[in-house]
Amino acid sequence: MDSDRGARTALIVGAGVAGLAAAIALAREGWRVEIAEIGPPDATSGWGLCLTGPSLRALDALGLADACLAEGYGMSTITHVDVHGEPASMIRLPHLIGARRPAMAGIARPALHRILYAEAERWDVAVRHGVTAAAVDQDGELVRVRLSDGTVRTVALLVGADGIRSSTRGLLRLASSRAFHGQMVWRALVPRPRWATGIHQFAGKTGTAGLVPVSDKQAYVFLTENGVGRDVLPDSELAPRLRHLLEPFPGRAAEILPLISAPAAVVRRPVLTDFVDGAWNRGGAVVIGDAAHAPAPQMASGAALAIEDGLVLARELARHDSVDVDAGLQAFVRRRRQRCRTLVETSVTIVALERARRHHETYPLVDSCHRLMAEPV
Ligand SMILES: Cc1cc2nc3c(=O)[nH]c(=O)nc-3n(C[C@H](O)[C@H](O)[C@H](O)COP(=O)(O)OP(=O)(O)OC[C@H]3O[C@@H](n4cnc5c(N)ncnc54)[C@H](O)[C@@H]3O)c2cc1C
């Protein structure tokens, strides 16, 4: 793309969910797209992801929901188990992509990435690994980007989709407010118990834990650990520590304990949130996904927002004939800002209530977010 200048050329920094979804959506609108991804191919973390109704709806708009349902595990219920191990309620989730298809899906992250990569390839998106944006300048109406390998791109659109620690955000001098909330979240891949045909959430005395199927054979355990620092545990301690944290949980949670064994399948991450309060764009450059707005993982909505961003970005640019990129980007930010802000802020409130062990007060907030997210984008 070095020789390309001009309209309908886009460079995306980051090949995560946001970057790949945006690449596919833009390519479908006739953009020529290249992605600069700092990591190697197949570097995705091994744990699973819950694709909520809004994620499936956005994937469906890209023609990818059925592939995700085929690779993942479709489901429509969340069973809440109380502190005594008894099922307290079963919530049936709204079916946003039609009554015949499940309300949501669990999927292994590598499977989702394979689907997105294959679709991007089908639309001739070029993905270059091991490179990043090193410098960005405005060149008239175009954006001039020097990559870390010394090559230069002059494009109409630069998209920073490089996650919560975005360096594109820094290059564009966009300020964000990243915060750590004194919690760590755990994820572990385990064989799927036969009874796990929907999400199970277990209320414990000090936190929450649960199980999400990601395929016929596998599920992931989740657990939130309260009141901790950001210390890093050696890999060998992860599985025993997670088993120890799960021990006080009642009922079927006990059946999950012996399934947690391989250290490589256990991850522990800090609960971080972030939001770009001011502008998300400068001229023809914009940030999307976690680089612009990262809710706490408890909401299981970050990927939904990221995929929606890609879709809305392509739609707004198309509405502005792809020639007035700045106007298209401003319209994009206007459409996205409030929805994303509400999600991030509500997730911060939920985290604070969890830390205060006022779990029952989080349920109406979670419900209100699900209702907000179910509204059309
Ligand atoms: C433990 C945990 C569990 C979660 N569970 C869920 C869930 O169940 N459902 C859900 O919807 N959301 C969930 N989320 C949130 C979700 O993972 C994120 O919101 C989503 O991945 C954001 O996508 P993204 O593409 O913006 O960022 P990322 O997924 O972080 O992707 C960023 C990409 O950019 C690349 N990159 C980084 N820096 C650079 C650079 N300088 N140059 C080039 N490339 C770069 C990275 O290698 C990566 O490929 C969870 C988050 C966590 C931490």
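The values are calculated or read from the model by the stated rules, or taken from the named source; none is laboratory data. This structure is a prediction, so every number in the text was calculated from the model and none was measured. Note that each Cβ is placed from the backbone with ideal geometry, even for glycine, and that neighbours are counted across all protein chains shown. Accessible surface areas use protein heavy atoms only, side chains included; no ligands, DNA or RNA. Shrake-Rupley method; radii C 1.70, N 1.55, O 1.52, S 1.80 Å.
So here's what we get for this one:
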{"item": "Residue among 230, 252 that alone is modelled with pLDDT under 90, farther than 16 Å from residue 266 by Cβ, surrounded by 15 or more Cβ atoms within 10 Å (Cβ to Cβ) and not aliphatic (A, V, I, L, M)", "result": "252"}
{"item": "Tabulated pairs, the stretch 56-77, first without any contact (Cβ under 8 Å) to a residue 60 or more places away in the chain and under 21 Å from residue 28 (Cβ atoms), second assigned to a loop (DSSP other than H, G, I, E, B) and small (Gly, Ala, Ser), C-beta under 9 angstrom, 6+ apart or interchain", "result": "56/103; 60/98"}
{"item": "Only one of 296, 327 that is of a type in the set (Gly, Ala, Ser) and away from the ligand (no atom under 14 Å from the Cβ)", "result": "327"}
{"item": "Every residue from the stretch 140-174 that is more than 14 Å from the ligand (Cβ to nearest atom), modelled with pLDDT of 95 or more and surrounded by fewer than 21 Cβ atoms within 10 Å (Cβ to Cβ)", "result": "144, 150, 151, 152, 154, 173"}
{"item": "Odd one out for residue 190 among (1) near the ligand (Cβ under 9 Å from one of its atoms); (2) buried (at least 17 other Cβ atoms within 10 Å of the Cβ)", "result": "(1)"}
{"item": "Criterion (closer than 22 Å to residue 220 by Cα and surrounded by 20 or more Cβ atoms within 10 Å (Cβ to Cβ)) met by exactly one of 24, 107, 35", "result": "107"}
{"item": "Some residue of the stretch 338-346 being within 28 Å of residue 179 (Cα to Cα) and open to solvent by 60 Å² or more (accessible area, probe 1.4 Å)", "result": "yes"}
{"item": "Test result for residue 135, in the same structural domain as residue 320 (by TED's automatic domain parsing) and away from the ligand (no atom under 14 Å from the Cβ)", "result": "no"}
{"item": "Matching residues in the stretch 110-139 - criterion: being open to solvent by 30 Å² or more (accessible area, probe 1.4 Å), among the charged types (D, E, K, R) and not in a loop (DSSP other than H, G, I, E, B)", "result": "114, 121, 122, 128, 137, 139"}
{"item": "Qualifying positions in the stretch 221-243 - over 10 Å from residue 182 (Cα atoms), outside any loop (DSSP other than H, G, I, E, B) and among the charged types (D, E, K, R)", "result": "235, 237, 241, 243"}
{"item": "Residue within the stretch 56-67 that is assigned by TED's automatic domain parsing to the domain that holds residue 318, at positive phi, away from the ligand (no atom under 15 Å from the Cβ) and at pLDDT 95 or above present", "result": "yes"}
{"item": "Members of the stretch 90-113 found to be more than 22 Å from residue 194 (Cβ to Cβ), out of contact with any Cys (no Cβ under 8 Å at 6 or more places or on another chain) and not charged (D, E, K, R), listed by number", "result": "94, 95, 96, 97, 98, 99, 110, 113"}
